[in-house]
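The values are calculated or read from the model by the stated rules, or taken from the named source; none is laboratory data. For clarity, every value in this text was computed on a predicted model and none was experimentally measured. Methodologically, a virtual Cβ is constructed for each residue, glycine included, from the backbone with ideal geometry; neighbour enumeration extends over all protein chains shown.
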Amino acid sequence: MGKGRVQYGALPWRIAEGELQVMLITTRRTGRWMIPKGWPMDDRAPHEAAAQEAYEEAGVRGRIDPRLVGAFHYDKVRKSGETKRLRVDVYPLEVVEELADWPEAHERERRWLAQGDAAEAVREPELKMVIVGFRP
């Protein structure tokens, strides 16, 4: 994968009512369920970029783990209509703060789901596997 073909994603998680829950957000254009993700940032390590995306897209902050828990591929449809195959490296984020307002609050929905339900809600088969296989 060349430059510009890798993004970094955060897997926001918590333990609530004795079960592992994962937060998903909706994508801006299609409204499908996804994890927060974005492009590399020159001034940040991959896991730190993932944490920044979680803040901007989902309004959550917490402890980001620098260990990669998996990766998945998806097809990004550009505004031009061109499709680009991207890989997303995923880092777990233990959520300690949920903000009432955040940069993309008016553009996205966010939802906590039980681990299995989160896996069912996403479309990408590899992301399903990352979610199902995650252990804090």
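Flag not set for ASP89, criterion: more than 12 Å from LEU11 (Cα to Cα) and not hydrophobic (A, V, I, L, M, F, W, C).
Scanning segment 110-136 for residues that are touching a Lys or Arg at 6+ places or on another chain (Cβ under 7 Å) and in a helix (DSSP H, G or I) yields a single hit, ALA119. Just one of (1) of a type outside the set (Lys, Arg); (2) in contact (Cβ under 8 Å) with a residue 40 or more places away in the chain; (3) outside any strand (DSSP E or B) fails for GLY81. It is (2).
For segment 99-106, state whether one or more residues are buried (at least 18 other Cβ atoms within 10 Å of the Cβ) and part of a loop (DSSP other than H, G, I, E, B). Yes, segment 99-106 has at least one match.
Conditions (1) surrounded by fewer than 16 Cβ atoms within 10 Å (Cβ to Cβ); (2) small (Gly, Ala, Ser); (3) modelled with pLDDT of 95 or more, marked per residue:
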position: VAL22; (1), (2), (3): no, no, yes
position: VAL69; (1), (2), (3): no, no, yes
position: SER80; (1), (2), (3): yes, yes, no
position: GLU109; (1), (2), (3): yes, no, yes
